[in-house]
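**Q** Handing you a structure now.
The values are calculated or read from the model by the stated rules, or taken from the named source; none is laboratory data. Being a predicted model, the structure only gives us computed values, none of them experimental. Using ideal geometry, Cβ is built from the backbone for each residue, glycine included, and neighbour counts are taken over all protein chains shown. Remember, those area values only see protein heavy atoms, side chains included, never the ligands or the DNA or RNA. Shrake-Rupley method; radii C 1.70, N 1.55, O 1.52, S 1.80 Å.
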Amino acid sequence: MLFRQMKYFVAIVDCGSFTEAAERCYVSQSAISQQMSALEAELGVKLFERDGRKFRLTPAGDYFYGKSRSLLASAEEVCAETKRIGSDSELKLSIGYLAGYYGYELQEAVVGFSRVYPEVVVDIFKGSHEELYRALKDGRASLVMSDQRRAFSDEYENYVMAQDPAYVDVSADGPLAGKEYLTVDRLADVPCILVAEKSEEETERRFYAETLGIGREYLFAASRDEARLLAMSGRGCMLVESVRGETEPPLLRREVRRADGSPIVRTYCAFWQKKRTSYYIEEFADILRRQFAKNQ
């Protein structure tokens, strides 16, 4: 009974009228008035100060209104998620990750999540930044793991996993190997190697040149293995999408810093659409972030 009374009460305040609230709730005005009288009697306080057909909320009524809206919203979310879980014949999460990511956090998160929620099928796929963004936007991905390329949007959950410096891999036999770190002005004279499809080369170039300020000349490779071969042969330095992977000889990993020596920080996140959020998505994101923190 209390939840129904809360709905009536919130409707009255939102509509500013008992009559309009009764129409919205598909009950008679007398019925909604009786319910409000019963609610005040049960609580033992006045929620309204009535003046003819007009009313205003008492301090108690104002408090009850705010809490009622919050509780009703939470109850609707619980009901919607319960219906979704109950109606799914096969629970499934589709997780996208950045093609340049070679760390262990994701696979550890999948194992940990599947151990707790064996009823959920987890599909994993990789892609470029734009591919992941499109998959998330059109609903093909439940959640994607990538670095921040755009300003955070209110349409998405932007769940920060880690904030790491920018890195490049260089040949162990090259002139850059002896440096503790590399500044952007030093890299301005060295070709920067990027892994990108032909259609995305310009997007990648703009990001590194204009957003991060790294590089002036770029070489593009179709795969990570091709990029590694270019770096090993001294053709340039290989820009690393994520520091979470291990460097494989004969390459060495070096941090990239600004001309004044300050680090260039990259933010890695889990993203998902707020309107498509679910208990399982939130649980997976939380497990994934704990893995990143564990391996920090």
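**Q** Quick one, could you list the DSSP H helices from the chain stretching 27 Å or more along their long axis (Cα atoms) with average Kyte-Doolittle hydropathy of -0.5 or above? Intermediate results must be reported in sequence, preceding the final value.
**A** On the way: long enough: 59-87 (42 Å, -0.39).
In the chain, the long hydrophobic H runs are 59-87.
**Q** Per 5 Å bin, what is the whole-percent P(r) computed from every C-alpha pair distance within segment 230-294?
**A** Calculated over all Cα pairs of segment 230-294, the distribution is 3, 12, 16, 16, 15, 13, 10, 9, 5, 1 percent.
**Q** Could you grab the Rg to Rh ratio for the chain? Cα atoms only, Kirkwood for Rh.
**A** Working: Rg = 27.6 Å, Rh = 23.2 Å.
Reported Rg/Rh, Kirkwood definition of Rh: 1.19.
**Q** How large is the charge dipole for segment 164-273, taken about the Cα centre, if only the Cβ atoms of Lys, Arg (+1) and Asp, Glu (-1) carry charge, to the nearest 20 debye? Don't jump to the answer; show the numbers that get you there.
**A** Working: 15 positive and 20 negative charges, 41 e Å.
Roughly 200 debye, rounded to the nearest 20.
**Q** Using a probe radius of 1.4 Å on heavy atoms only, what accessible surface per residue do you get for the chain? Whole Å² is fine.
**A** Values: 16380 Å² over 296 residues.
With all protein chains present, the chain gives 55 Å² per residue.
**Q** Under a 5 Å amide H to amide H cut-off, with H placed in plane at 1.01 Å, what residues pair with Lys126 once short-range neighbours are removed?
**A** Amide H neighbours of Lys126, under 5 Å, 5+ apart: Tyr97.
**Q** Evaluate the charge dipole of the chain about its Cα centre and quote only its size in Debye, nearest 20, assuming +1 on the Cβ of each Lys and Arg and -1 on the Cβ of each Asp and Glu.
**A** Values: 41 positive and 47 negative charges, 150 e Å.
For the chain, the charge dipole is close to 720 debye.
**Q** Taking amide H atoms as placed 1.01 Å from N in the peptide plane, list the residues 5 or more away in sequence, or in a different chain, whose amide H sits under 5 Å from that of Ala141.
**A** Correct list: Leu136.
**Q** Here's another thing I want to ask about it. Normalised by the residues of the chain, what does the relative contact order come to in percent, with Cα pairs under 8 Å and at least six apart?
**A** Details: 447 pairs, mean separation 65.4, N = 296.
The normalised contact order for the chain reaches 22 percent.
**Q** Another one. Calculate the spin-label point distance for Asp189 paired with Glu119, positioning each point 7 Å from the Cα along the beta-carbon direction, and give it in nanometres.
**A** The two pseudo-label positions are separated by 6.4 nm.
**Q** Could you please state how large a percent of the accessible area of the chain is carbon and sulfur, counting protein chains only and using a 1.4 Å probe?
**A** Values: 7990 of 16380 Å².
Reported share for carbon and sulfur atoms: 49 percent.
**Q** Name the most mobile residue of Tyr208, Tyr97, Tyr167, meaning the one with the largest mean-square fluctuation, in a Gaussian network model of the chain with Cα contacts below 10 Å.
**A** Most flexible of the set in this elastic network: Tyr208.
**Q** Mind telling me which of Asp51, Asp154, Asp173 comes out most flexible in a GNM of the chain, alpha-carbon contacts under 10 Å?
**A** Asp51
**Q** So if each residue of separation counts as 0.36 nm, and I subtract the Cα-Cα distance between Tyr279 and Lys179, what length gain in nm does that give?
**A** Values: separation 100, 0.36 × 100 = 36.00 nm, distance 4.68 nm.
Between Tyr279 and Lys179, full extension yields 31.3 nm more.
**Q** Next question. Considering only DSSP beta bridges where both residues belong to segment 173-271, give the percentage that are antiparallel (nearest 5). Present the calculation step by step, with values, prior to reporting the outcome.
**A** Numbers: 1 of 10 bridges.
The antiparallel proportion sits near 10 percent.
**Q** Sticking with this one: Of the listed peptides 213-221, 38-46, what is their order by residue-averaged count of other C-beta atoms within 10 Å, with the highest listed first? Numbers along the way, then the final one.
**A** Numbers: 213-221: 18.0, 38-46: 13.1.
Highest-to-lowest ranking by the protection proxy: 213-221, 38-46.
**Q** Rounded to the nearest 0.05, what FRET efficiency do Thr211 and Arg290 give with R0 = 25 Å and r taken as the Cβ-Cβ distance? Could you check?
**A** Plugging the Cβ-Cβ distance into 1/(1 + (r/R0)^6) gives 0.30.
**Q** Anyone know which of Phe64, Phe125, Phe152 comes out most mobile in the 10 Å Cα GNM of the chain?
**A** Phe64
**Q** Taking amide hydrogens as modeled 1.01 Å from N in the peptide plane, which residues meet the under 5 Å criterion relative to Thr183, leaving out close sequence neighbours?
**A** Arg257
**Q** Quick check: convex hull over the Cα atoms of segment 191-242, volume per residue in Å³, rounded to an integer?
**A** Values: hull volume 3.5 nm³, N = 52.
Convex hull volume per residue, Cα atoms: 68 Å³.
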